[in-house]
Amino acid sequence: MLSEKQLTHFKFNTLRSLKTNILVFFLLCFSLNTFAQEEIPVQKYTAHNKGKFFVMWGGNRESYSKSDVTFTGKDYKFRVEDMSAHDKPKGWHVDYINPANMTIPQTNLRLGYFFSDHYSVTIGVDHMKYVMAQNQTAKVNGYINLPANDLAAALYNGDYVNRPVDMSLNGAIEGGYDMGVTNPNGPAFLMYEHTDGLNYINTEVSRFDDISKLFSLPNIDKVQINLTEGLGAGILYPKTNTTLLGKERHDDFHVSGYGISAKAGLNITFFKHFYLQGELKGGYIDMHDIKTTVSNDDKASQHFYYFQRIIAVGGIFRI
């Protein structure tokens, strides 16, 4: 049997060992908890895009390739070759944010949804403007055989074989004349533009990639930089303003053809929900059914390439 002294010593050692084990246990639990917190960082809102909606509004400038434009009617068919055209910028103007006049300048509107962290689908309108340069001489091929009682007949009837024609002939001016205003020089040969506008209604699929690490940004929920690129396709729904051989213009919206496009851009997002985006966008437009006058017999067709520069602001939210 153990003596009283030995028993007391045994109890003391046992109690000390128990206290040591309890202390080790709590220290281990604390260490594991701290380690777990370090290993599972808080996810940034901007780290994932899937399920987010966004809207974008901005302005644009365009450049256009030269285009052969064919005009067809009951008494004529001719082609203006290598027609030059330009856009019609508004500049830095309050109309871009004035609800009553927002469709007057060249604008872009897009609504989109991220179906994954890197890919989005959008629908939007590129409201561009296309104006034939009046200060040019272009070759014309075809014929014009208007009735003798038509005021334009004496001026323009005949066969055209690579005939150089001044597009400012007989007072033709960019923008044309207001409705009800008579050209004092007689019927102009041609004034031609899509200024209300060259409306490209399209769908795009785009990719987004966060490149903030390249700029060593410390908190992407405050400032995030994304690279974006995409492909699109859609229809052309212009309101064409054409004064052709003195005829009354059509002056209404009409589905005239189709377009395809590709883009690349830079997106800078601020405080999770607001962004500034710049894009370079190029595409091909084929318009085979352009309404030129009030007569159903009269139409035009053309195809061309374009290069668009866009600056826009937007918001992105998860609903």
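Computed quantities for the displayed model
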quantity	calculated
Rounded Å value of the spacing that divides the Cα centres of the stretch 97-171 and the stretch 185-213	11 Å
Förster radius 35 Å - calculated FRET efficiency between residue 45 and residue 309 (Cβ-Cβ, nearest 0.05)	0.70
Orientation-averaged projected area, Cα convex hull of the stretch 125-174 (nm²)	5.1 nm²
Cβ-Cβ FRET estimate between residue 222 and residue 260, R0 fixed at 41 Å, reported to 0.05	0.65
Cβ charges +1 (Lys, Arg) and -1 (Asp, Glu), total dipole of the stretch 48-318, debye	860 debye
Contour excess over end-to-end distance, with Cα ends at residue 273 and residue 72 and 0.36 nm allotted per residue	67.3 nm
Net charge of neighbours whose Cβ lies under 15 Å from the Cβ of residue 291, counting Lys and Arg as +1 and Asp and Glu as -1	-3
Rounded FRET efficiency, nearest 0.05, which uses the C-beta distance separating residue 317 from residue 231 and R0 of 25 Å	0.50
Kirkwood hydrodynamic radius of the stretch 202-319, from inverse mean 1/r over distinct Cα pairs, in Å	17.0 Å
Percent of Cα-Cα distances greater than 28 Å, calculated over the stretch 48-318	43 percent
Environment charge at residue 163 (Cβ cut-off 12 Å; Lys +1, Arg +1, Asp -1, Glu -1)	-1
Filter on 88/247; 88/291; 90/299; 129/281; 52/222 - keep pairs with C-alpha separation over 26 Å	90/299
Percent of alpha-carbon pairs separated by more than 21 Å within the stretch 217-285	54 percent
Local net charge near residue 315, Cβ-Cβ under 12 Å (Lys/Arg +1, Asp/Glu -1)	+4
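Rule-based calculations on the coordinates, nothing more; no lab input. Source: prediction; values computed, not measured. Glycine also receives a Cβ, built like all others from the backbone with ideal geometry; neighbour counts cover every protein chain displayed.
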